Amino acid sequence: MTQKPVGEGIVADVDAQNPYVADYFGMKRLDGAAGSVGIRVLSGAPVTVTVLALPPLPQGAVLSAADLATDLTLPQLPDDGHHRTGAFSLAGYADEAIAFTAPGPDASVQYGAQSPSPAQVPNDPVATGHDYGEYGVLRTLQFQIDNPLDQSQTLYLYERPMGGAVRSSFLVNGQLVQLGCARVSDRYQIGEPLIVQPGGKYALTVQTMTDGGSIYPLEVGLTATPPLPTVPPITAPDGCFPKPQSSPVPQPEPTG
């Protein structure tokens with residue numbers, strides 16, 4: 001989130017004989033993984049990107065370039081059924097202007113599931129999939145705020161889960177704000193309240209990316225009504241993974 005808007009990253013020379021490993025990590029049984037890697041070809045021929053799953057190496061062993069080249073020729077494993085493979089065009093995509101006039105009504109947008117997915121690149125040889133979750137897409141929300149009143153207004157940026165458990169990260173005017181896991185469809189505050197002076201206009205830029213381990217859609221909006229200040233603890237009754245409530249111990253009936 002902090003690197004993508006400013007184009008930060010690393011530059012690597014890649015050739016057919018020496019595959020470049022962008023990242024690797026070990027996983028145990030029943031582990032899950034979610035993430036995003038952005039790749040831009042600066043010069044030369046197109047590159048092939050592969051997510052590779054390998055059996056664990058023996059203790060102390062190191063994966064050689066020759067072994068990696070051999071592993072890359074193995075048959076593809078079954079996918080997860082979501083058909084996200086393909087090349088997608090982001091020209092003019094995920095950049096929205098949202099107007100808010102104090103004191104309301106609220107202004108909001110939903111994204112991540114019901115919004116149109118990025119368009120397939122024409123003539124893409126593997127253009128059989130879609131990206132309904134908008135994974136890897138940097139979404140920019142431009143809130144245009146107008147306070148025509150003769151008194152200042154306190155406004156709140158919020159998120160509201162619409163599909164299930166979600167973890168969110170936002171850049172609010174360039175400042176990183178991370179929320180914990182939220183599941184219940186309540187409004188949760190993002191960052192600090194915003195005070196708009198009488199007769200003032202204000203531009204609020206919010207950038208975010210969908211999280212691979214979350215369930216969408218998600219609503220993000222601006223309101224004059226205070227939302228919940230924080231997400232609940234993860235094991236609370238309204239948290240993402242509430243603890244089972246124990247049944248009360250039956251008490252003996254009095255006799256007499």
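Brief remarks follow.
- Lysines with Cα under 25 Å of residue 243, excluding same-chain neighbours fewer than 8 positions away: 28
- Apportionment of accessible area to carbon and sulfur, the chain, percent (1.4 Å): 54
- Exposed-site-free run, longest, the chain (rule: chymotrypsin sites (Phe, Trp or Tyr not before Pro); DSSP loop; at most 12 other C-beta within 10 Å): 26-256
- For the chain, convex hull volume per residue from C-alpha positions, Å³: 230
- Anisotropy class of segment 1-78 from Cα gyration tensor, a/c 1.5 cut: oblate
- Over the chain: helical MRE at 222 nm, DSSP H runs n ≥ 4 each giving -39500 (n - 2.57), nearest 500: -500 deg cm²/dmol
- Stretching residue 3 away from residue 47 to a fully extended chain increases their span by 13.6 nm, per 0.36 nm per residue minus the current alpha-carbon distance.
- Normalised by 2.2 N^0.38 Å, where N is the number of residues, the alpha-carbon radius of gyration of segment 15-56 equals 1.46.
- GNM remark for the chain: springs join alpha carbons under 10 Å apart, and the peak mean-square fluctuation among 131, 186, 79 falls on 79.
- Remark: the chain carries 68 Å² of accessible area per residue (probe radius 1.4 Å; ligands, DNA and RNA excluded).
The values are calculated or read from the model by the stated rules, or taken from the named source; none is laboratory data. Note that this is a predicted model, so its numbers are computed, not measured. Note that each Cβ is placed from the backbone with ideal geometry, even for glycine, and that neighbours are counted across all protein chains shown. Areas reflect the complete protein model, heavy atoms only, side chains present, ligands, DNA and RNA absent. Shrake-Rupley method; radii C 1.70, N 1.55, O 1.52, S 1.80 Å.
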